[in-house]
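J.: Here you go, one structure.
The values are calculated or read from the model by the stated rules, or taken from the named source; none is laboratory data. All of these numbers come straight from a predicted model, not from anything done at the bench. Backbone-built Cβ (ideal geometry, glycine too); neighbour counts: all protein chains shown.
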Amino acid sequence: MDSKTHDLIIVDNGNGDEPLSNHSNNPTFAAVLEKRLSRRDILRGSLSMAVVGMFGASLVGCNSSSSSDPAPAPSQTSLLGFSAIPVSDADDVRLPPDYSYQVLIPWGEPITGNFPPFDPLTNTGADQGNQVGSHHDGMHFFPIEGQDPYEGSSVDGLLVLNHEYVEPRYMHASAVGKSLSRDAFPVQADGTRVADEILKEMNGHGVTIVRVTKQSNGQWAVVADARNRRITALTPMELNGPVRGSDLVKTPYSSNGTRTRGTINNCAHGVTPWNTYLTCEENWAGYFVNRGEAPREHSRYGVSTRAARYGWDLADNGADEYVRFDVTAKGASAVEDYRNEPNAFGWVVEIDPFDPDSIPVKRTALGRFAHEGVVFARVEEGKPVVCYSGDDATNEYIYKFVSAQPYFKATAGGHLLDSGTLYVARFNADGTGEWLPLVFGAGPLIPIPANQGDPVNPGQIGFESQADVLVNTRLAADAVGATKMDRPEWGAVDPKTGLVYFTLTNNTTRKEDQVDAANPRPNSRWGHIIRWEENGGDSAATTFKWDIFILAGPKDDSQFDGKALTDDQFFNSPDGLWFDKDSRLWIQTDISESVMNTGDFTQFGNNQMLACDPVNKDLRRFLTGPVGQEITGVITTPDQKTMFMNVQHPGATTSPDDFAAGNLKGTWPHNARYGRSATVVITKDDGGVIGT
Ligand code: FEO
Ligand code: CA
Ligand code: CA
């Protein structure tokens, strides 16, 4: 019998993804700079200049020697040895003929505590806290020795992964038989939500740390271990860096502004050179609701003015950890309501997976935005630590952090991320670029009175401190004139060349008069991959040279190495990106559920993963995933003979009516009532390196 006494109402507050909240006057570069690419070239579909020209031309133009050429001469042998596979719309994972896979740690797999067996209809909120979370995303395999993030055991390690969000209809008995979209959740007749359902959703978020080992039969399995841990939307965390103690993060929970609870919408990740995990808070803004007057810390990030994404503020027990998602100013000061709660989100969070008692730390010096992920440049003794992060929302920016203190392997640690300079990228039309510092007191980042006469920012943007600059990173980037990008997703650094690659997944809001050289397509449905070389090969340089590496899209509207993508290559909406040790570039796609396998997107089938040899310009489709999902997260063991990657939200294209009728479109991995996000373990049948 249903324990709830109220009828259910269905609420759908939207998926919370990639809101457009950059309403700055900060122009796209088409408007202010001479473009190398004429409009007519773009309208004719002649994009070859955009792809081929920039890097080569600018380097040639600088009389660069071969030593500064970012692209090494092609060798005779491609890094890729497998046969490309065709696109697929089947409800399974497909690989080249001589590869096999195993499903590991699906959502709900018990890993800690009393190891509650998975049952989506009877598991409680507390049960979910002892199980693998949902919606797997960025991931790393930490060899069990715990010294180096990319060296050590290839049969025993800690798998650490993000859980980006949840699909409430798959989580609650109260949802069965109801017409629910993938974003909808049940609400009681009095407008409240069942508190335990909220707890379950919050415990489905966050990060999983789980020990996995390769068994004698070649299969991987979860091992009970004191380091197995769930970090959730409720886990206590420290705020470190310039924002720690700021008035902007004081709340009833932390009246001195040093702590907060939980991490949400953890998309991609990062791995520090000192062997810790970074989890990145992406589309967190929609989890909050402000029904009153919104300060800029809310409005520039898209904090909802109508309803919170999952209605956690509506908990029927009124518990503080839930109602804090209502961030309307109600009290006399910031420590009497949760107006500042959103300011504790939008950060990069550092976790030491080897210390189960460690408190996660939000590293505020890296800026506050919709962090997709974070990727480190190659480290050198005595040089600063450098990392890059994209702000995945429409027309947002790419950032770089350079530590104030130098890196020394013997003493390196999270403190290196607490002081340094945050920069934002400007991509010039001539193939050069600049890193613009976001430093309080520099340029336009000054208090309002002194800023009144600034022609770029006529008085409306002012800053009071570095904490203010960082809490309002997007506004600071607007003020210095950063380049609005087509939704920056993952970045990757080539271990051999040091070149930095970033995916720009798509941007259908860009108008024809808003294109620029770095974002050359109006109404970009397909996305592209950009790359750059720091000036002089110095990661801390403030200038760089860039070009477009791949224009994604169908065979008649795409380009790679001067040619259209082939049957073996075509893809769109690049998202996940990772270089393996040999410099194979792995590219993962995230076609939105709203268009997947419809209209022009039908030809692409389900989301996929490709491998690329960027030197020999070889690109081949390696994997296709099941129905309704996206492919995201990828890492190999140090010997590169086992690959872990994630399937997120299988079955998400099931319509509300089909869900009500039990007609699920996609139930991969076919071992439960519903589809389950899960990790896929890939091996080559001859025991060889993945990708060969
Ligand atoms: Fe969570 Fe930008 O993908
Ligand atoms: Ca992503
Ligand atoms: Ca995405």
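J.: Quick check on my filter: what residues within the stretch 372-390 are within 16 Å of ligand 1 (Cβ to nearest atom) and within 16 Å of Asn275 (Cβ to Cβ)? Give the steps one after another, and end with the answer.
T.: Our first condition is that a residue be within 16 Å of ligand 1 (Cβ to nearest atom); within the stretch 372-390, this holds for 372-375, 388-390.
Passing the criteria: Val374, Val375.
J.: So how many residues does the stretch 560-592 have that are of a type in the set (Ser, Thr, Tyr), within 16 Å of ligand 3 (Cβ to nearest atom), at negative phi and not in a strand (DSSP E or B)? Talk me through it step by step, then tell me what you get.
T.: Taking the stretch 560-592 and keeping what is of a type in the set (Ser, Thr, Tyr), we get 566, 573, 583, 589, 592.
Next cut, within 16 Å of ligand 3 (Cβ to nearest atom) only: 573, 589, 592.
Keeping just the survivors that are at negative phi gives 589, 592.
Within this subset, residues satisfying the condition of being not in a strand (DSSP E or B) are 592.
Number satisfying all stated conditions: 1.
J.: Identify the residue in the stretch 356-375 that is in a loop (DSSP other than H, G, I, E, B), in contact (Cβ under 8 Å) with a residue 12 or more places away in the chain and away from ligand 2 (no atom under 16 Å from the Cβ) and, among all such residues, is farthest from Glu396 (Cα to Cα).
T.: Pro356
J.: Related question: Every residue in the stretch 646-665 that is surrounded by 22 or more Cβ atoms within 10 Å (Cβ to Cβ) and of a type in the set (Gly, Ala, Ser), please.
T.: Once the filter is applied, which keeps residues that are surrounded by 22 or more Cβ atoms within 10 Å (Cβ to Cβ) and of a type in the set (Gly, Ala, Ser), the stretch 646-665 yields Gly651, Ala652.
J.: Ok, one more. Can you tell which of Trp526, Trp490 is buried (at least 16 other Cβ atoms within 10 Å of the Cβ), within 16 Å of ligand 3 (Cβ to nearest atom), part of a loop (DSSP other than H, G, I, E, B) and hydrophobic (A, V, I, L, M, F, W, C)?
T.: Trp526
J.: Quick one: in the stretch 503-516, of everything that is out of contact with any Phe, Trp or Tyr (no Cβ under 7 Å at 6 or more places or on another chain) and closer than 24 Å to Thr543 by Cβ, which residue is nearest to ligand 2 (Cβ to nearest atom)?
T.: Leu504
J.: Pick out the one residue from Glu167, Glu197, Glu151 that is of a type in the set (D, E, K, R), out of contact with any Pro (no Cβ under 9 Å at 6 or more places or on another chain) and at pLDDT 95 or above.
T.: The conditions single out Glu167.
J.: Still on this structure, please answer the following. Limited to the stretch 116-156, what total is found for residues that are under 30 Å from Glu197 (Cβ atoms), touching a Leu at 6+ places or on another chain (Cβ under 6 Å) and away from ligand 2 (no atom under 16 Å from the Cβ)?
T.: Number of matching residues: 1.
J.: Please determine whether any residue of the stretch 113-121 is in a loop (DSSP other than H, G, I, E, B), modelled with pLDDT of 95 or more and closer than 24 Å to Ala492 by Cβ. So that I can check it myself, show each step before the final result.
T.: From the stretch 113-121, those in a loop (DSSP other than H, G, I, E, B) are 113-121; that's our starting set.
So of that shortlist, the ones also modelled with pLDDT of 95 or more come out as 113-121.
Narrowing further to those that are closer than 24 Å to Ala492 by Cβ: none.
No: zero hits.
J.: Please specify each residue of the stretch 123-175 satisfying the condition of being within 16 Å of ligand 3 (Cβ to nearest atom), part of a strand (DSSP E or B) and not aliphatic (A, V, I, L, M).
T.: Once the filter is applied, which keeps residues that are within 16 Å of ligand 3 (Cβ to nearest atom), part of a strand (DSSP E or B) and not aliphatic (A, V, I, L, M), the stretch 123-175 yields His136, Asp137, Gly138, Asn162, His163.
J.: Could you tell me whether Phe325 is within 22 Å of Asn240 (Cβ to Cβ) and either within 16 Å of ligand 2 (Cβ to nearest atom) or hydrophobic (A, V, I, L, M, F, W, C) (or both)?
T.: Working: within 22 Å of Asn240 (Cβ to Cβ): no; either within 16 Å of ligand 2 (Cβ to nearest atom) or hydrophobic (A, V, I, L, M, F, W, C) (or both): yes.
Against the criterion (within 22 Å of Asn240 (Cβ to Cβ) and either within 16 Å of ligand 2 (Cβ to nearest atom) or hydrophobic (A, V, I, L, M, F, W, C) (or both)), Phe325 does not qualify.
J.: On to the next question. Does the stretch 286-310 hold any residues that are outside any loop (DSSP other than H, G, I, E, B) and more than 18 Å from Phe185 (Cβ to Cβ), and which are they?
T.: Of everything in the stretch 286-310, those that are outside any loop (DSSP other than H, G, I, E, B) and more than 18 Å from Phe185 (Cβ to Cβ) turn out to be Arg296, Glu297, His298, Ser299.
J.: Looking at Val627 and the list (1) of a type outside the set (Phe, Trp, Tyr); (2) in a strand (DSSP E or B); (3) more than 16 Å from ligand 1 (Cβ to nearest atom), which single condition is not satisfied?
T.: Among (1) of a type outside the set (Phe, Trp, Tyr); (2) in a strand (DSSP E or B); (3) more than 16 Å from ligand 1 (Cβ to nearest atom), the lone unmet condition for Val627 is (2).
J.: In the stretch 246-259, is there at least one residue being within 26 Å of the chain's Cα centre (by Cα), without any contact (Cβ under 8 Å) to a residue 24 or more places away in the chain and in a strand (DSSP E or B)?
T.: Yes, the conditions are met somewhere in the stretch 246-259.
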